[in-house]
Amino acid sequence: QGQLVESGGGLVQTVDSLTLSCVASGQTFSDYSWAWFRQAPGKEREYVSAIRRSGHTYYSDSVKDRFTISRDKAKNTVYLRTTNLQPEDSAVYFCAGGVPILSAIESTRGYRVWGQGTQVTVSS
């Protein structure tokens, strides 16, 4: 099923921006939909955003208009551009790949391959 490696996390101030990257290997990049999830301490893993094979993008209400998901097929890379970061955005961000149906795009069960995560900490 391949491997995903995230990078780009860090410690930032409120309203700062970060771009997270996820490099995929070992699978056919174009065959998969890609998503970002996040998990804060003591909380369940939470859907953030997804980009389907068609290129259509989807966002959770909490990040809509602040985050942008994109992909570069030539580089087998998925990006999450985050802006206007808030302390509640602090979490480990995970990249995931799979072929979920549209109704399951926000579920972790729709994805078959996961990265190890990258930490984002937003200080107030």
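The values are calculated or read from the model by the stated rules, or taken from the named source; none is laboratory data. In this text, all values refer to a predicted model and were calculated from it rather than measured experimentally. All Cβ positions, even for glycine, are placed from backbone atoms using ideal geometry, and neighbour counts span all protein chains on display. All accessible areas refer to the heavy atoms of the entire protein, side chains included, with ligands and DNA or RNA removed. Shrake-Rupley method; radii C 1.70, N 1.55, O 1.52, S 1.80 Å.
See the values below:
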{"read-out": "Amide N of region 20-36 lying under 15 Å from the label point, which is placed 7 angstrom from the Cα of residue 57 along Cα→Cβ", "value": "20-22, 34-36"}
{"read-out": "Probe 1.4 Å - accessible area at residue 101, Å² to nearest ten", "value": "110 Å²"}
{"read-out": "Alpha-carbon spread of region 3-124, three principal axes, descending order, Å", "value": "40, 28, 25"}
{"read-out": "DSSP loop trypsin sites (Lys or Arg not before Pro) with at most 13 other Cβ within 10 Å: longest gap in the chain", "value": "65-124"}
{"read-out": "Placed amide H near residue 71: partners under 5 Å, 5+ positions off or other chain", "value": "79"}
{"read-out": "GNM result for the chain, Cα springs below 10 Å: residue of 55, 26, 97 fluctuating most strongly", "value": "26"}
{"read-out": "Debye-sum result for region 64-124 in log10 I(q)/I(0), which assumes one identical scatterer on each alpha carbon, at q = 0.26, 0.29 Å⁻¹", "value": "-1.26, -1.26"}
{"read-out": "Selected from 23, 8, 93, residue furthest toward positive end of dipole (the chain; charges at beta carbon)", "value": "23"}
{"read-out": "Karplus-derived HN-Hα couplings along region 103-108 (A = 6.51, B = -1.76, C = 1.60, θ = phi - 60°), whole Hz, x at Gly and Pro", "value": "5, 10, 5, 8, 9, 5"}
{"read-out": "With 5 Å bins from 0: P(r) over region 9-69, alpha-carbon pairs, percent", "value": "4, 14, 20, 26, 20, 9, 5, 1"}
{"read-out": "Under the Karplus curve 6.51 cos²θ - 1.76 cosθ + 1.60, θ = phi - 60°, whole-Hz ³J(HN,Hα) for region 14-31, x wherever Gly or Pro sits", "value": "3, 6, 6, 10, 9, 10, 8, 10, 9, 9, 9, 8, x, 9, 7, 3, 6, 7"}
